[in-house]
Amino acid sequence: MRAILSKIRVLFHRIFFWHEGGKQSSEFIPNAGHDHALVLHVAEPSKIPRWRQLRYVSHVLNIKERRALIAAALVFALGIAGTAWAISTERMIRVPSNGGRMIEAVVGAPKTINPLYAAKSDPDQDLTSLVYAGLFRRTGGTGVVPDIVERFEWSENGKRLRLELRKDVRFHDGTPLTSDDVLFTIHVAKNPAWRSTYANALRDVNGERIDDYTLDIVLKEPDIFILDALTIGILPAHIWLDISPGNALLADANIRPIGAGPFKIHSFRKDTRGVMLAYTLERYEGYHGIQPFLSQIEFRYFPSKEQAEDALRGGRVDALAFVESGSIGRLTGNERLTYATIELPQETIAFFNLNDELLKNSKVRQALALAVDRELVVDAQAGISTPVYGPYPFDDVTPTASSSEERLDAARALLAEAGWVQVMNSEVRIRKDTAQGSPSSTMSATASSTELVLTISVPQVADLISVAQVLARRWSLLGAKVNVDVADPDQLAQRATRARDTQILVWNVRLNPSQDLYPVWWSGNAKGNGLNLSNLSDRNVDDAIEALRSATTTEALKAARKTLSNAILSRDPAVFLTRPAYGYVYSSDIRGVSDRLELGTPSDRFLDIPNWYVKTRWAWK
C-alpha cells in the first residue's frame, strides 16, 4: 500500500511541480507591476457591481435597506414603462392589418355565378362582383371609373371608344387577361343564344382587336350609358370558348368560376337537396387593384329575412344587408352590432295619371304637389330616407323656403283657380259649376254636386302604406276626400302598366346604375307594358332623353340631365318624395365601413371592401 501511495506522490509531483529547483525560467520571474495590479484589483472595488456580486445583496443589506432598494427598482421600472407608453401613444397608432374573415347572411341562394346572368339574382351578383373584374367599375354609386382599362379615349363623333388594357391583370388560374377575353365576353353577352341580361345593352356594340392589350368599342350611335354596360365581368375565353350556348347555364364554371376580381372561390357547401348553404371566398394575392385586408369572406344563405336576422342577433353571422328601416332599431339594440345607411338610385314617387279627368288639370296637380310635406314622409319611413325633388335620386336640389302652412294656403288657392271650391255645408271641395248658390262664400253642395275625390293606390308594403296615409292626411287638409286602396304588388303592377286606370300610384322606382330615365319617362313607354306610370307624352322630354345619350363628357352629361329633369318637372306628372334607405347591419369588429353607402346595385356595397378590416397592428405615425 505504501508503495502505491509513493508512486502516486511521485506522479503528482511530476505533473504539477515539474520545474527543477535552482533553475530560473522567464515564466517564474517575479514581476512587480503584476503584483501591484493584483493588489489594486482586490483592494479597489468596481464602480458597477457585477451579477456575481449582486447575488450577495441580501447578505450585505439589512431589511430596511433591502426595502428601499426594491422601492427604488419599482419606481425606476414604472418610469421606464411610462416613458415607453408616452412615446408609443404619441408616435404610434393602430392601423389595419391583413387577415381575418367576415360572414355575411344573405336571403336566397346563388345558382349561376356568371356575369352574363347574375343581374337576375342578388346572391349571384354578390359573388360575381367579387370574383370578376370588368373593363370599368362603379364608384360613388352611379359613377364609372376604369378597372382593367389603363387608358380610354372617345372619338370626336362619340361612336368609337379606344381601350388600352392593363398588362398586369391575370385570372385566378394565372392566365393573362387580354383583349381576346374582352372581345369574347362582348360577343357572347350580345348573342341572343346565350340569353344574357346584357344582350339589349350591348346589342349595337362591336369590338375590334388592335393588339393583345388594345381594342376599339364601336357603336352605331353615341351612347354615354355604354360605360355602365362595360362594367360586365370579363370571362376567361380559354375556359368558356368550348362551351356551347345551350350548355352555358349547366357549366361547372358557373359554380367554380374563374375571374380576375379581388377574391377567388375557396369552397362551398350544399345540403342533400343541392341547395347552396354557404360560399367561402379567399383573397386573390395576384389581384391588380388595391388588395383587401380581409383574408376570407363567407356568405351564408337563409330562406327568409327572419332567419337571417335571427342568425345576426345570435352572433352566427357578422353582417346582413338591406335591412328595412323598421328592423334596424331592433337589431342595433345589441351593443355588438352597428349599421351603415344603404342608398340606391331609387325613389318613392306618387305618380299622377295624366289620362284621369281630374288630374288632366295642371293646377290640380300643382296644388297636390305643393301640399306635400316631405319631412312627414321621411318620418313615415323611420327617419332614414332623404327628401328628393326631381327624377334623379342623387341630385342635390334645394327646396323652397316657404313653411308648410304657406304651401297649404298656396295649394288651396290653386284648387280654387282650378274650379274646386269650399262650400258651407261640406268639408269636401266641390266643383264650382255643380254647386248651388253664389258667390262662393255662400255656395252649398247638393246631391248632384261633384266632390273632389282622390284615390291613392299602393302595394301591400308597410312603408309605402305609411307614405300613402301621410299623403291622404295632407290632401284632406286641402278639402279633398282621399281613399287609400291597398293591393297585392303584382296585381297592382299589372293594373298600372296594362289597364292604366290608377288615379294616383305610390311606388318605389329603382333606376339602373346609369340612372337612365328612358324606361320611366319616354312617351313610347306610356302604352303596352311600359313603365311610364304617369302616361306622360311629351316631345320635349323625349328630345331631352335622346340628347342625353349623345353626351361624351361629364359636363355635357350634367347639362343634359338638368335639361331632362326640368322638362319632366314642368309637366308636374308626379310628386318625387324620398330616396328610401336601408341598413347594412354589421358587427362592430368589422371596421372601415363607410357610414353611408351610395350604391348603383345591391352588390356595389363591396366596392369599398378594400377598406374593411378586422385585424390591426401598431405602426409609427
Subject >> trypsin sites (Lys or Arg not before Pro) restricted to DSSP loop in the range 212-269 with at most 16 other C-beta within 10 Å >> reply: Lys220
Original post:
R0 = 45 Å: FRET efficiency of Ser588 with Glu417, Cβ-based, nearest 0.05?
Top reply: 0.20
Original post:
Could you give me the ³J(HN,Hα) list for the range 544-560, computed from phi with Karplus coefficients 6.51, -1.76, 1.60 and θ = phi - 60°, whole Hz, x at Gly and Pro?
Top reply: 5, 5, 5, 5, 4, 5, 8, 5, 10, 10, 4, 5, 5, 5, 4, 5, 5
Original post:
Hey, which lysines would be in cross-link range of Lys527, C-alpha to C-alpha under 24 Å, not counting anything within fewer than 8 residues on its own chain?
Top reply: Lys360
Original post:
Out of the DSSP beta bridges found with both residues in the chain, what percent are antiparallel (nearest 5)?
Top reply: 75 percent
Subject >> Under 11 Å, Cβ to Cβ, from Ser534 - net charge with Lys/Arg +1 and Asp/Glu -1 >> reply: 0
Subject >> Assigned charges on the beta-carbon of Lys, Arg, Asp, Glu; the chain dipole about Cα centre (debye) >> reply: 3180 debye
Original post:
Across all directions of projection, what mean area in square nanometres is found for the Cα convex hull of the range 331-429?
Top reply: 9.7 nm²
Original post:
Is any residue of the range 510-533 close enough, with backbone N under 16 Å, to a label point placed 7 angstrom from the Cα of Thr563 along the Cα-Cβ axis, and if so, which?
Top reply: 517-518
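Please give the contour-minus-distance gain from Trp620 to Glu150: 0.36 nm per residue of separation, less the Cα-Cα distance, rounded to one decimal in nm.
Roughly 165.9 nm would be gained on extension.
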Original post:
For Val423, which sequence-distant residues (separation of 5 or more, or a different chain) have an amide H within less than 5 Å of its own amide H, given hydrogens modelled in the peptide plane?
Top reply: Ile430
**OP:** Could you run the Karplus curve 6.51 cos²θ - 1.76 cosθ + 1.60 with θ = phi - 60° over the range 527-538 and give me ³J(HN,Hα) per residue in whole Hz, x for Gly and Pro?
**Re:** 9, x, 9, x, 9, 6, 6, 8, 6, 6, 10, 8
**OP:** Scan around Thr214 for amide H atoms under 5 Å from its own, H built in the peptide plane at 1.01 Å from N, and keep only partners 5 or more places away or cross-chain.
**Re:** Leu165, Ser179
Subject >> Exposed-loop-free span, longest in the chain, where GluC sites (Glu not before Pro) count as exposed if DSSP calls them loop and at most 14 other C-beta atoms lie within 10 Å >> reply: 358-621
**OP:** Report the local net charge at Ala109: Lys and Arg +1, Asp and Glu -1, summed over other residues whose C-beta lies under 12 Å from its C-beta.
**Re:** +1
Original post:
Mean residue ellipticity at 222 nm from the helices of the chain, using -39,500 (n - 2.57) per DSSP H segment of n ≥ 4 over the full residue count, to the nearest 500 deg cm²/dmol?
Top reply: -9000 deg cm²/dmol
**OP:** Calculate the spin-label point distance for Glu282 paired with Leu241, positioning each point 7 Å from the Cα along the beta-carbon direction, and give it in nanometres.
**Re:** 2.9 nm
Original post:
So for the chain, taking the charge dipole from beta-carbon charges (+1 Lys/Arg, -1 Asp/Glu), which of Asn361, Ala86, Asn512 sits furthest toward the positive end?
Top reply: Ala86
**OP:** Skip the ligands, DNA and RNA, and give the accessible area per residue of the chain with a 1.4 Å probe, whole Å².
**Re:** 53 Å²
**OP:** Can you tell me how much longer the chain between Asp252 and Glu306 gets when fully stretched, taken as 0.36 nm per residue apart minus their C-alpha distance, in nm with one decimal?
**Re:** 16.3 nm
Original post:
For the residue pair Ser448 and Arg166, what label-to-label distance in nm results when each label sits 7 Å from Cα along the Cα-to-beta-carbon direction?
Top reply: 7.8 nm
Subject >> C-alpha center-to-center spacing [the range 91-167, the range 374-426] in angstrom >> reply: 39 Å
**OP:** Just check the range 376-494 against the gyration tensor rule for me: Cα atoms, a ≥ b ≥ c as the square roots of the eigenvalues, rounded for a/c under 1.5, and otherwise prolate or oblate depending on whether a/b exceeds b/c.
**Re:** oblate
Original post:
Between Ile210 and Asn334, what length in nm is gained on full extension when 0.36 nm per residue of separation is reduced by their alpha carbon distance?
Top reply: 38.9 nm
Subject >> Area projected by the alpha carbon convex hull of the range 85-160, averaged over all directions, nm² >> reply: 10.3 nm²
Original post:
Using 11 Å as the cut-off for backbone N distance, which residues of the range 573-606 belong to the label zone defined by a point 7 Å from the Cα of Val397 along Cα→Cβ?
Top reply: 573-578
**OP:** Would you mind computing, in nm to one decimal, how far apart the modelled labels at Ser550 and Arg473 are, each placed 7 Å from Cα along Cα→Cβ?
**Re:** 4.9 nm
**OP:** Pop out the ³J(HN,Hα) list for the range 165-180 in order, Karplus 6.51 cos²θ - 1.76 cosθ + 1.60 with θ = phi - 60°, rounded to Hz; leave Gly and Pro as x.
**Re:** 8, 5, 9, 9, 8, 10, 5, 5, 8, x, 6, x, 8, 10, 4, 5
**OP:** With semi-axes √(5λ) of the Cα gyration tensor in Å defined as stated, name the option among (i) 63, 30, 19; (ii) 45, 31, 21; (iii) 77, 36, 23 computed from the structure displayed.
**Re:** (iii)
Original post:
Setting aside same-chain residues fewer than 8 positions from Lys111, which lysines have a Cα under 25 Å from its Cα?
Top reply: Lys120, Lys190, Lys264, Lys270, Lys305
Original post:
Which of the aspartates and glutamates could a cross-linker bridge to Lys220, judged by Cα under 18 Å and excluding same-chain residues fewer than eight apart?
Top reply: Glu153, Glu156, Asp204, Glu208, Asp228, Glu546
Subject >> Low-density loop cleavage sites - trypsin sites (Lys or Arg not before Pro) in the range 518-570, where at most 13 other Cβ are within 10 Å (DSSP) >> reply: Lys527
Original post:
For the range 86-116, list residues with backbone N below 20 Å from a point placed 7 Å from the Cα of Ala193 toward its Cβ?
Top reply: 115-116
Original post:
When Lys and Arg each count +1 and Asp and Glu each count -1, what net charge do the other residues less than 14 Å away from Pro245, Cβ to Cβ, add up to?
Top reply: +1
**OP:** Go through Trp420, Trp522 and list them by solvent-accessible area, largest first, probe radius 1.4 Å.
**Re:** Trp522, Trp420
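Going by a ≥ b ≥ c, the root eigenvalues of the Cα gyration tensor, does the range 179-227 fall in the rounded group (a/c under 1.5), the prolate group (a/b larger than b/c) or the oblate group? Display every interim value, and only then the final one.
On the way: a/c = 2.37, a/b = 1.22, b/c = 1.94.
Oblate is the answer for the range 179-227, as a/c is 1.5 or above yet b/c matches or exceeds a/b.
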Subject >> Rounded percent of accessible protein surface that carbon and sulfur make up, the chain, 1.4 Å probe >> reply: 53 percent
**OP:** Would you please give the residues with an amide H less than 5 Å from that of Ala133, counting only those at least 5 places away or on a separate chain, with H modeled from the backbone geometry?
**Re:** Ile234, Ala260, Gly261
**OP:** Report the relative contact order of the chain, percent, no decimals, based on alpha-carbon pairs under 8 angstrom and at least 6 residues apart.
**Re:** 19 percent
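The values are calculated or read from the model by the stated rules, or taken from the named source; none is laboratory data. Values in this document were obtained by computation on a predicted structure and should not be read as measured data. Neighbour counts are summed over all protein chains in view; Cβ atoms, including those assigned to glycine, are modelled from backbone coordinates with ideal geometry. Accessible surface areas use protein heavy atoms only, side chains included; no ligands, DNA or RNA. Shrake-Rupley method; radii C 1.70, N 1.55, O 1.52, S 1.80 Å.
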